[in-house]
There are 4 protein chains.
Amino acid sequence: MLKWLQEKYHAQIYTFTADLGQEFADPSRFKQIEDKAKQLGAIKHFTVDLKEKFVNEYVFPTIKANGLYQGIYPLSTAIGRPLIAIEAVKIAQKEGIEVLAHGCTGKGNDQIRINTTAQAYAPEMEILQPLIEWNMGRDEEIKYAQQHNIPISNQNKKYSVDENLFGRSAECDILEQPDIEPPEDSKEWTVPPEEAPNNPEYITINFKEGIPIGINDQPMEGVELIKRIHDIGCKHGIGRIEHMEDRAIGLKSRETYEIPAALILIKAHKDLEKYVCTKHENSFKSLIDQRWTELVYDGLWVDPLRDALEAFINEINIKVAGSVSMKLFKGSAEVIARKSPYGIYDLNLATYETKSSFNQKYSYGFIPLWGLQSRMGFIAKKKANENKQ
Amino acid sequence: MLKWLQEKYHAQIYTFTADLGQEFADPSRFKQIEDKAKQLGAIKHFTVDLKEKFVNEYVFPTIKANGLYQGIYPLSTAIGRPLIAIEAVKIAQKEGIEVLAHGCTGKGNDQIRINTTAQAYAPEMEILQPLIEWNMGRDEEIKYAQQHNIPISNQNKKYSVDENLFGRSAECDILEQPDIEPPEDSKEWTVPPEEAPNNPEYITINFKEGIPIGINDQPMEGVELIKRIHDIGCKHGIGRIEHMEDRAIGLKSRETYEIPAALILIKAHKDLEKYVCTKHENSFKSLIDQRWTELVYDGLWVDPLRDALEAFINEINIKVAGSVSMKLFKGSAEVIARKSPYGIYDLNLATYETKSSFNQKYSYGFIPLWGLQSRMGFIAKKKANENKQ
Amino acid sequence: MLKWLQEKYHAQIYTFTADLGQEFADPSRFKQIEDKAKQLGAIKHFTVDLKEKFVNEYVFPTIKANGLYQGIYPLSTAIGRPLIAIEAVKIAQKEGIEVLAHGCTGKGNDQIRINTTAQAYAPEMEILQPLIEWNMGRDEEIKYAQQHNIPISNQNKKYSVDENLFGRSAECDILEQPDIEPPEDSKEWTVPPEEAPNNPEYITINFKEGIPIGINDQPMEGVELIKRIHDIGCKHGIGRIEHMEDRAIGLKSRETYEIPAALILIKAHKDLEKYVCTKHENSFKSLIDQRWTELVYDGLWVDPLRDALEAFINEINIKVAGSVSMKLFKGSAEVIARKSPYGIYDLNLATYETKSSFNQKYSYGFIPLWGLQSRMGFIAKKKANENKQ
Amino acid sequence: MLKWLQEKYHAQIYTFTADLGQEFADPSRFKQIEDKAKQLGAIKHFTVDLKEKFVNEYVFPTIKANGLYQGIYPLSTAIGRPLIAIEAVKIAQKEGIEVLAHGCTGKGNDQIRINTTAQAYAPEMEILQPLIEWNMGRDEEIKYAQQHNIPISNQNKKYSVDENLFGRSAECDILEQPDIEPPEDSKEWTVPPEEAPNNPEYITINFKEGIPIGINDQPMEGVELIKRIHDIGCKHGIGRIEHMEDRAIGLKSRETYEIPAALILIKAHKDLEKYVCTKHENSFKSLIDQRWTELVYDGLWVDPLRDALEAFINEINIKVAGSVSMKLFKGSAEVIARKSPYGIYDLNLATYETKSSFNQKYSYGFIPLWGLQSRMGFIAKKKANENKQ
């Protein structure tokens, strides 16, 4: 793309890599990227460490929103895009750059996420999507690279992959067949459950105001904490997901993910939140969560609706404090216990033991009124059905 | 209760046991129950096999509604209660019985479910809840039994248990402590994941109009199919659930469940449904499912809202046909592939290969309009925020 | 457009006018349209009377859904578009026509409604939007007409208007200024409230299964009934609406409407529906109605979600039978009374007279449980807030 | 009640009247109430002016939530109850009072609202409902009063009325007949539309952060502003409402209201809010508003869900600034124009004039993707339907 932009537009190119933790395993990769960019003619290259910002302003809100798109996908890529777009715009504005080019195809969600965010922050900025413009197939792209002496290390890579510290996605090739199990080679982070340890591991995650602040009562900063949960999850084969996903653009696509930290943290958060919230809060929060998740998935991070949803979410999360214990074992991560100073639970009321302070005769008044209209409605409906026939 | 009712009200007692598959393991138990009832003075005892009715009219609608209360509990007990109430009323009306007595406490959901249903079907029927009336503790109950020569087989049973073919619940005793892992002795159906087979098992479940109709392409009737899934699930330690639950009555309570068949079937159904529905259907169906689930959980089975929700659900499920493959392994059950003649998926459109028939340039028109108001809203909000400060 | 298409594409043009009741006042207009089409070179012209179909399959479902977009606009134009598209496709397929051209601009909702419906019914059909293609301003259009001897009767018409028997919309010109009251000349159907009769008029509308079937207990067919309500409404200045509307395409626009029949019928229906439904139905139905309304407004008539929403709506409406009385007076239409065999209302229960059969002591059990979690939640939240500071 | 409590419980009675503006017309009434209380034996009487608190902390949130229960009732009484309960508790705690007695029957919503709020603030407080206890009919009550020399000014008053500055409700007697128009003598505030001025009146209401702050650009404090709107509304016969309402307790009841200020202010607010919000905000805000309204109506003011909903609502309302113009005429109040610095409206984009900066060709990309899944879904559904038959 770098070469092609120079050739086609005689443009001066500035390149930008956002560090969202995608190279947890090997941070030296960023240097290689920079070297390659310069070698191919980039005027200047920017590598910006956004890990902390990403965790605090994007990952934590996702946890507080129990953000699983269609009940499954924790938005790992979706929340990375607006941050990348905002930082790219910042650099562009500082350097006097007028056009933003990115490598998204015309079929995915990420182009929506990047373009919409970038143009909200910089309405005057022009955006270019070379992959749509050049319309080359993979073969042609490889040929183009060879003709232009562009080193391509992943020439044979089968899958299209995106990674950051909150998740890894893989698509393309055989994964596009929804009736075939995703092959093991599409996974890179997690061990197969079959090869995970034969003994379960228990961990306790500590929360304050809806945010994970420690593991096993050891306080920990956000990036570090996520890395630790990530490592434990990978070891036990947690968060290997496949599903058919409805893209904003209208297509369904088969996606596969590895999301160990996201899955563990969202499960833990959800459990604790449910414990400290009233049933009214719990029931309605799930609508809020779904709306937040769809909005963010759909690339509308900048919509002020997000601010309002987060105001709701943050208010709810004031009391999400305490700890949640989970058992990790061969691919499954289950909550087994929780504790909170704000749990809406009173053993004396709830217990079935005789000592309970709960007055069971309340039922005699509660049930007749609770069901009153439903019973009347049942009878009216029966009559209506009879008259219909 | 039988004795107590005779003593206190000089009443003639008819007893009724509904067979909802709770004794899958040992159907001869029903005979023992009948014998005991008669021995204790029951005029007449009714054991009614409701398994087929339960599966067709209660379990299948739950599957079609992806009915997991608070995302977790598949309503197994909740859907059994209205059926029991309706059948009890039928017997009562036939036998000229005027009062219905049942063994629910005054703290749970089941009293709401039974009373509300029974009184919708028979508004004139009086309902008696001896456990509220006598207000004895467990010790006193045991003493009462001994004094009246009532054999009590489970005198030492720690937990209060309910079972039917769709699930098993256990509560009381140590389970009332939300910060302690439920002990193994609260489980009776499933093996611990640690003792499950070392090799995964793959099964394919066939669906038609939202209903499971076969396993591995072998057609099967409802009761039989659920029993088979149940057995496979138990073997692999699937569906061992604990959670803090919001009761209709207002209390939170710690519940534990074993729901192998329910979990497997709902997961499979949900996946297939998502595959054949548009994103608009998928997004809205989750609200419908939540409302259906809460209504049924809350004991309002008779409310005509259920009819309307089910009309929606059934219309959606017309196209839920095909099959879903799952991998079961040491406590986890994951969907890995699905097939349907009505899948809204066109590989030619979705593929990232060059041959795709998808016109990527559509993005140039789609994205600016898709994000238009969000971008304008972002700018207006920024201005409002600035003026606020 | 007719001329331009012939010139530009050397195409043979078939023209089509759908009679949705827009010329209630003067049906002879359809003949004039046909004559003009032929005179300008149309091979064949089709005028199809769709009034009955429109009322039964589009207007009545809107009434049953209480279809007011953003609480205000009864979808009159929105529900006309899919019907026009379907009928146009039918004609095209019968006549072997390959391209559909229509007069929508690129800024409105109607292009979405027509194109999406047409291409669902006939995926192979090409669609042409000349107004986008030629990109002429109003002046240029008039000039073009004059150069081609095209008679233009409405040369000075200020507003862009759409009409059918369920409503009339006007936009453009001064109406585009949201801070200026729409001038009287933008109305054509209704009298100004100031000039309406000095005495109120009472009407009673009869319903069966959610559909209006008579006025003042006189049975009446759909089209006739709507025309009668329309006339009465116009006389009393009912249904003069202005509002800022969110278009599917992303823009907000200032719209003005005259919707006498729609407003009266939807108000009446909503009142009766509320009377025969339980509070659970009423609360949830409003979500269903909003979703149906947005889906239809957004041009997605063909989405199977509509079928499912309508299954819900129809189930609810089985019991919407009876009559509603309204008072019409100088611009306002208010419900004042209603009657139904299925009203969930029992005077003996509800009355504050002593004779009431309602047991007031139920409150002593109901209120403590009804508010239990809210009270516990209040206390937990207070504690959390204190710890926060 | 005062007498009865002394007789029955030999209790020392403290009496409390909350001034919520119910005697706008004649504040001297409060003195009469106090005199009567003392004369009948009250130890101490408290009249507390809560008008400002009521407006700022209860009325304004209702306006920001567009709080119309079941689309009709602006919660005037519902929001008064928690405030009265909280203030009563404060007095009780200060004076060492142990029991709270109030005059609610056992059939309404207000007992829930008062008891639940009071017991959240003071869990130890006992609550007494004499009207349930004594179970007298109206005749018996009058007789009791006569026997105890209790002056009863309203002996012949037909209706049960509640008033505060945000609305007046009337029920009982002929109003309990849902099929009979409420008689004029049930209204006391507003003129009949027929007798309202023959000329419309235009008013402009100014808003800041969702709160009305002026009329016709004249700044005004809350209580004063509401009083002014109230007077104008009464003069034009605005806000005369009747409807069948679903009570929390389960009953339906026929309620009539006069709500001139509430109706005008909520209509104005809603219009302005819609103008400054994105379509995503607008669509979702209506769910939030409905939930807030139902929660408050249902007496659960103390539930922390309200805090969270209000966090959402307040965030949205940051940008609800500007002014809305309305036309009031013979019973109707219609918005006719609005202005805001944050309106999401750009005439250059929206205009149908040629000068528009909107690129109409975007449609060519937008529509195919916008409708993609719906069209695919339509075809899949058709196939499924065919196979079904």
Students often check this: by mean Cβ neighbours within 10 Å, which of D:293-304, B:334-345, C:129-140 ranks highest, and how do the rest follow? D:293-304, B:334-345, C:129-140
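What percent do you get for the relative contact order of segment C:162-339 when only Cα pairs under 8 Å and 6+ apart count? Could you put the intermediate results ahead of the total?
Details: 299 pairs, mean separation 56.6, N = 178.
In percent, rounded to a whole number, it is 32.
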For the rotation taking A to C, I'd like to know which residue in chain A has the C-beta closest to the axis, plus that distance in Å. A:G365, 1
Taking springs between alpha-carbon atoms closer than 10 angstrom, which of B:M376, B:M244, B:M326 fluctuates most in the Gaussian network model of chain B? B:M376
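For the full complex of protein chains and a 1.4 angstrom probe, list D:S374, C:S357 by accessible area with the highest value first.
On the way: D:S374 0, C:S357 75 Å².
Reading off the accessible areas and sorting them downward yields C:S357, D:S374.
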Ranked highest first by the average count of other Cβ atoms within 10 Å around their residues, in what order do A:74-83, B:27-36 fall? A:74-83, B:27-36
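In the protein assembly as shown, carbon and sulfur make up what percent of the accessible area (probe 1.4 Å)?
Values: 27280 of 58450 Å².
Accessible surface attributable to carbon and sulfur in the protein assembly as shown totals 47 percent.
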Per-q log10 I(q)/I(0), segment D:7-86, q = 0.13, 0.15, 0.20 Å⁻¹ (Debye; single scatterer per alpha-carbon; no solvent): -0.53, -0.66, -0.93
For C:E181 paired with A:E87, estimate the spin-label separation in nm (one decimal), with each label point 7 Å from Cα along the Cα-to-Cβ line. 5.6 nm
GNM, chain B, Cα, under 10 Å: largest mean-square fluctuation among B:I13, B:I91, B:I142? B:I142
Excluding ligands and nucleic acids, what accessible area in Å² is computed for D:K383 using a 1.4 Å probe, to the nearest 10? 100 Å²
For chain B, what are the DSSP H helices with axial Cα length of 18 Å or more and mean Kyte-Doolittle hydropathy of at least -0.5? B:76-95, B:222-235, B:260-276, B:304-317
At A:Q146, with labels set 7 Å past Cα in the Cβ direction, how many nm apart are the copies from this one, shortest first? 6.5, 9.1, 11.2
Treating the point 7 Å from Cα along Cα-beta-carbon as the label, what are the nm separations from D:E194 to the other copies, to one decimal? 2.3, 8.5, 8.6
Rounded FRET efficiency, nearest 0.05, which uses the C-beta distance separating A:K388 from C:K94 and R0 of 35 Å: 0.40
Would you mind computing, in nm to one decimal, how far apart the modelled labels at C:E188 and D:K361 are, each placed 7 Å from Cα along Cα→Cβ? 3.4 nm
Under the definition of partner shielding as Cβ atoms of other protein chains within 10 Å of a residue Cβ, what is the mean value for peptide D:286-293? 4
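Residue by residue through C:324-336, how many Cβ atoms from other chains fall within 10 Å of the Cβ on average? Present the calculation step by step, with values, prior to reporting the outcome.
Numbers: counts 1, 3, 0, 3, 0, 7, 9, 8, 10, 1, 7, 6, 6.
So the per-residue partner count for this stretch is 5.
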In the structure displayed, which of B:K361/B:K381; C:K53/C:K208; A:K270/D:K279 lie more than 25 Å apart, Cα to Cα? B:K361/B:K381; A:K270/D:K279
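Once you average over the residues of C:128-137, how many Cβ atoms of partner chains fall within 10 Å of each Cβ?
For this peptide, the per-residue mean of nearby foreign Cβ atoms is 2.
State, in square angstrom and to the nearest 100, the accessible area buried between chains B and A, both chains counted, probe radius 1.4 Å. Write out the running numbers ahead of the final one.
Working: alone 21330 and 21380 Å², together 33880 Å².
Approximately 8800 Å², summed over both chains.
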Quick one: with label points 7 Å out along Cα→Cβ, list the inter-copy distances for B:Y9 in nm, shortest first? 3.5, 7.9, 8.4
D:R29-D:R228 FRET efficiency (beta carbon distance; Förster radius 22 Å; 0.05 resolution): 0.55
Using a cut-off of under 11 Å, list every residue of segment A:345-366 whose amide N is near the label point 7 Å from the Cα of B:D139 along the Cα-to-beta-carbon line. A:354-355
Projected onto their principal axes, the Cα atoms of the protein assembly as shown stretch, largest extent first, over whole-Å spans of 96, 87, 63
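I'd like the FRET efficiency for C:E7 and C:I174, computed as 1/(1 + (r/R0)^6) with the beta carbon distance as r and R0 of 30 Å, rounded to 0.05. Write down the numbers at each step before the final one.
Values: r = 34 Å, r/R0 = 1.13.
It comes out at approximately 0.30.
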Take the cross-link list C:K252/D:K252; C:K235/C:K319; A:K158/B:K339; A:K94/A:K187 and give me the ones stretching past 28 Å between alpha-carbons. C:K252/D:K252; C:K235/C:K319; A:K94/A:K187
So for segment D:2-155: antiparallel DSSP bridges make up what percent, rounded to the nearest 5? 10 percent
Taking every other residue with Cβ under 13 Å from the Cβ of A:Y9 and scoring Lys and Arg +1, Asp and Glu -1, one gets -2
Pick from B:N164, B:N282, B:N66: which is most flexible by mean-square fluctuation in a GNM of chain B where alpha carbon atoms under 10 Å apart are linked? B:N282
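Relative contact order for chain A: what is it in percent, counting Cα pairs under 8 Å that are at least 6 residues apart?
This gives 18 percent for chain A.
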Note, D:M326: beta-carbon cut-off 12 Å, +1 each Lys/Arg, -1 each Asp/Glu, net -1
Which value, in Å², gives the accessible area per residue of the protein assembly as shown when a 1.4 Å probe is used on the protein heavy atoms? 38 Å²
Please compute the net charge surrounding B:E209, taking Lys and Arg as +1 and Asp and Glu as -1 over other residues with Cβ under 9 Å from its Cβ. +4
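The values are calculated or read from the model by the stated rules, or taken from the named source; none is laboratory data. Being a predicted model, the structure only gives us computed values, none of them experimental. Cβ coordinates were reconstructed from backbone atoms using ideal geometry, including for glycine residues, and neighbour counts include every protein chain displayed. Side chains are part of the model used for accessible areas, which takes the heavy atoms of the whole protein and leaves out ligands, DNA and RNA. Shrake-Rupley method; radii C 1.70, N 1.55, O 1.52, S 1.80 Å.
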